[in-house]
1. Could you pull out the residue among 205, 230, 278, 289 that is part of a helix (DSSP H, G or I) and free of Cβ contacts under 8 Å to residues at least 24 places away in the same chain?
2. Please go through segment 133-151 and give me each residue that is outside any strand (DSSP E or B), in contact (Cβ under 8 Å) with a residue 24 or more places away in the chain and under 21 Å from the mean Cα position of the chain (by Cα), ordered by number.
3. For segment 79-100, give me the residue count where each residue is in a strand (DSSP E or B), touching a helix residue (DSSP H, G or I) at 6+ places or on another chain (Cβ under 8 Å) and either buried (at least 18 other Cβ atoms within 10 Å of the Cβ) or at pLDDT below 95 (or both).
4. The conditions are (1) closer than 30 Å to residue 37 by Cα; (2) out of contact with any strand residue (DSSP E or B) (no Cβ under 9 Å at 6 or more places or on another chain), and residue 143 fails exactly one of them. Which is it?
5. Any idea which residue in segment 290-305 is farthest from residue 201 (Cα to Cα), counting only those that are touching a strand residue (DSSP E or B) at 6+ places or on another chain (Cβ under 7 Å) and surrounded by 15 or more Cβ atoms within 10 Å (Cβ to Cβ)?
6. Go through (1) surrounded by 12 or more Cβ atoms within 10 Å (Cβ to Cβ); (2) out of contact with any strand residue (DSSP E or B) (no Cβ under 8 Å at 6 or more places or on another chain); (3) part of a helix (DSSP H, G or I) one by one and return the number of the condition residue 272 breaks.
């Protein structure tokens with residue numbers, strides 16, 4: 001890194017100007033923007049398959065985790081012309097949105113240089129945007145409930161999925177929540193997928209009304225785990241796998257096995273430990289991209305039409 005916090009790098013034939021490399025991003029941990037970019041480059045072989053072909057929403061933290069942050073859907077006009085984008089007509093906004101498609105390492109590094117700490121890929125690819133190829137169950141505990149309650153809810157969900165003949169893949173949110181991804185055949189509309197996840201939540205609520213809630217109002221969730229089925233709406237996104245979170249310690253939203261989930265802590269995986277874990281174990285989330293499970297057989301069991 002040069003003394004003025006800038007560096008020109010060549011990556012796969014693209015020239016990038018990296019800036020403000022010495023800016024503190026996780027000040028309590030001594031991590032700068034340069035550390036963040038280095039982390040994203042290190043995890044790229046496992047991260048990129050989960051981003052390719054999917055419209056991307058990002059959360060930018062230009063002044064680090066304690067500075068102001070903002071969501072960004074539109075690819076900025078100053079983006080290099082080699083950045084691939086996907087145009088989408090937003091009826092809500094009444095205009096076209098150019099979503100970024102992160103197809104390669106230069107694009108990933110460019111996003112990191114834009115201080116995009118969190119990358120949020122769609123549940124459906126741009127090739128068939130109305131047909132998601134994964135469902136997600138976001139288990140979000142509300143204080144005084146925390147990670148232990150989310151863990152209990154996750155294993156209740158696993159038992160339900162086992163009974164339905166489905167396989168779910170858990171990942172830590174990097175905070176107190178747990179995300180369970182269910183890869184599906186891309187032939188269901190978002191409303192069907194959301195209905196499926198909502199029906200799963202209703203089963204869990206009947207089994208454990210003192211633990212589970214489907215209440216959308218935050219004030220009514222206290223002490224319970226919210227099953228957020230509304231994440232399964234086109235354009236709604238969760239933080240992507242292997243992304244660091246804006247919290248002290250630089251925890252990472254990291255996939256785990258169900259066996260690990262029995263004993264793991266919510267901040268078990270960080271920017272300092274995830275690259276070695278990936279090199280040792282590979283991508284535990286890879287099946288989410290390749291398994292294609294049918295939901296039809298579950299609808300009757302869950303009371304869906």
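The values are calculated or read from the model by the stated rules, or taken from the named source; none is laboratory data. Computed from a predicted structure; not experimentally measured. Cβ coordinates were reconstructed from backbone atoms using ideal geometry, including for glycine residues, and neighbour counts include every protein chain displayed.
1. Values: 230 fails: free of Cβ contacts under 8 Å to residues at least 24 places away in the same chain; 278 fails: free of Cβ contacts under 8 Å to residues at least 24 places away in the same chain; 289 fails: free of Cβ contacts under 8 Å to residues at least 24 places away in the same chain.
Sole residue among the options that is part of a helix (DSSP H, G or I) and free of Cβ contacts under 8 Å to residues at least 24 places away in the same chain: 205.
2. Filtering segment 133-151 for residues outside any strand (DSSP E or B) gives 133, 142-151.
Pick out the ones that are also in contact (Cβ under 8 Å) with a residue 24 or more places away in the chain and you get 133, 142-147, 149-151.
Within segment 133-151, 133, 142, 146, 147, 149, 150, 151 meet the criteria.
3. Going residue by residue through segment 79-100, those that are in a strand (DSSP E or B) are 84-90, 95-100.
Subsequent filtering for residues that are touching a helix residue (DSSP H, G or I) at 6+ places or on another chain (Cβ under 8 Å) retains 84, 100.
Those still in the list that are either buried (at least 18 other Cβ atoms within 10 Å of the Cβ) or at pLDDT below 95 (or both) too: 100.
Within segment 79-100, residues that are in a strand (DSSP E or B), touching a helix residue (DSSP H, G or I) at 6+ places or on another chain (Cβ under 8 Å) and either buried (at least 18 other Cβ atoms within 10 Å of the Cβ) or at pLDDT below 95 (or both) number 1.
4. (1)
5. Residues of segment 290-305 that are touching a strand residue (DSSP E or B) at 6+ places or on another chain (Cβ under 7 Å), as a first pass: 291-293, 295.
Then keep just the ones that are surrounded by 15 or more Cβ atoms within 10 Å (Cβ to Cβ); that gives 291, 293, 295.
Values: 291: 23, 293: 19, 295: 15 Å.
If we take residues in segment 290-305 being touching a strand residue (DSSP E or B) at 6+ places or on another chain (Cβ under 7 Å) and surrounded by 15 or more Cβ atoms within 10 Å (Cβ to Cβ), then 291 is farthest from residue 201 (Cα to Cα).
6. Failing condition for residue 272: (3).
Yes or no, residue by residue, for (1) assigned by TED's automatic domain parsing to the domain that holds residue 249; (2) surrounded by 18 or more Cβ atoms within 10 Å (Cβ to Cβ); (3) in contact with a helix residue (DSSP H, G or I) (Cβ under 6 Å, 6 or more places away or on another chain); (4) under 24 Å from residue 242 (Cα atoms):
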{"position": "171", "(1), (2), (3), (4)": "yes, yes, no, yes"}
{"position": "174", "(1), (2), (3), (4)": "yes, yes, no, yes"}
{"position": "190", "(1), (2), (3), (4)": "yes, yes, no, no"}
{"position": "202", "(1), (2), (3), (4)": "yes, no, no, no"}
